[in-house]
Amino acid sequence: MNQQVPELNYRFEYPRVLSIAGSDSGGGAGIQADLKTFAALGCYGMTAITALTAQNTLGVRSIHGVPPPMLSDQIDSVIEDIGAHSVKIGMLHTPEIVLTVAKAIERHALQNIVLDPVMVATSGAVLIDHPAVVMLVHELFFRALLITPNLDEASLLVGKPLCSENDMESAASEMLDMGANAVLLKGGHLPGEMVCDLLWARNCAPHWMRAPRINTANTHGTGCTLSSAIAAYLALGMDLLEAVEAARVYVRAALSSSAKVLTGQGSGPLNHSHAPLAMHLKLLV
């Protein structure tokens, strides 16, 4: 029996963001961090889960992959009914999962894609196999508006250690040559009192963003939170540079407000709800 939907004069919609990523049972990273971020920034979050992880603040115990047809069905179900203004892509641990996501992007002509190439957890656990890395570069770099690797991930991608800002510029240039449209290379793992991130978009000059380092052990899920915040701000209508800069401000406040909070025995989560916003309303055209 078909459900009867009353005729209403709809005038608004929510800014909608889809996260295609793994689940973190500890709640600090992955899908859980993404949904918290979307909600805090006034966006409606949706998910397509790529893998289940058993993890906490101390590390990852195990990973259980979602079958590719199930992942495909999740994406199709969300997009065919609700739609998305932007997409955040996180943990894709096998070539089959990467290809499934690439096909879905093409099938639905998805836009404003932020790809966080999750390869190494904060604890140091490797979350992706080598064939998946190759597939990620070949199938997703050119489809994403932005990729957001940290130094460890960028080092894995370009095959050499990154120990300076010059190394970061060289690596970002190589990733653009690999097909990326824009790279946000996060320099938080470099030593020093300042954290230096590099945004480099194709056909643009490198753009450095610097800020004092925040003294905190609660950094679990920082990369997931940053990429999902960028996707949220894109859904809200910002351009790429505006979205990246606003996302950095949000993440820094989330780090600062969680610095003295104890959650678990290891690297704790950020405070995603430090200044939550009401759900935004977009006027329907």
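Here the spin labels are modelled as points 7 Å beyond Cα on the Cα-Cβ line, and at VAL261 and MET238 they lie 2.1 nm apart. For ILE147, nonlocal amide neighbours, meaning residues 5 or more places apart or on other chains whose placed amide H falls under 5 Å from its own, are LEU115, ALA182, VAL183, LEU184.
Measuring max minus min along each principal axis, the C-alpha atoms of region 107-193 give extents of 44, 25, 21 Å (largest first).
Structural descriptor for the chain: relative contact order 23 percent, calculated from alpha carbon pairs under 8 angstrom and at least 6 residues apart.
At q = 0.08, 0.14, 0.15 Å⁻¹ the log10 of I(q)/I(0) for the chain amounts to -0.31, -0.98, -1.14, computed by Debye summation with a single uniform scatterer per C-alpha, solvent ignored.
Bin all alpha-carbon pair distances of region 57-124 at 10 Å intervals from 0 and give each bin's fraction as a whole percent. Percent of pairs per bin, in order: 17, 49, 26, 8.
For LEU92, the residues 5 or more places off, or on other chains, whose built amide H falls under 5 Å of its own are VAL118.
Here is the list for region 1-76: trypsin sites (Lys or Arg not before Pro) lying in DSSP coil, each with at most 13 other C-beta atoms within 10 angstrom of its C-beta, are ARG11.
Only Lys, Arg, Asp and Glu carry charge here, each on its Cβ (+1 for the first two, -1 for the last two); on that basis the chain has a dipole of about 620 debye about its Cα centre. For region 143-247, the orientation-averaged shadow of the C-alpha convex hull comes to 6.7 nm² (one quarter of the hull surface).
The aspartates and glutamates whose alpha-carbon is closer than 13 Å to the alpha-carbon of LYS282, local same-chain residues fewer than 8 away aside, are GLU13. Straight-line cross-link partners of LYS160 among the lysines, defined as a Cα under 24 Å from its Cα and at least 8 positions apart when in the same chain: LYS186.
The GluC sites (Glu not before Pro) of region 156-258 that DSSP puts in a loop, and whose beta carbon has at most 16 other beta carbons within 10 Å, are GLU193. With the charge dipole of region 126-241 set up from +1 on Lys and Arg Cβ and -1 on Asp and Glu Cβ about the Cα centre, the Cα lying farthest toward the positive end among the listed residues PRO206, MET194, ASN218 is that of ASN218. The mean of 1/r over all pairs of different alpha-carbon atoms in region 1-120, once inverted, gives a Kirkwood hydrodynamic radius of 15.3 Å. For the chain, adding -39500 (n - 2.57) for each run of n ≥ 4 DSSP H residues and dividing by the number of residues yields -11500 deg cm²/dmol at 222 nm. Lysines near LYS103 by alpha-carbon distance under 19 Å, same-chain residues fewer than 8 away left out - which ones? Hits, sequence-local ones excluded: LYS88.
Computed from the coordinates by the stated procedures, all read-outs in this text should not be read as laboratory data. What you see is a predicted model; the values in this text were computed from it and never measured. Note: ideal-geometry Cβ built from the backbone for every residue, glycine included; neighbour counts use all protein chains shown.
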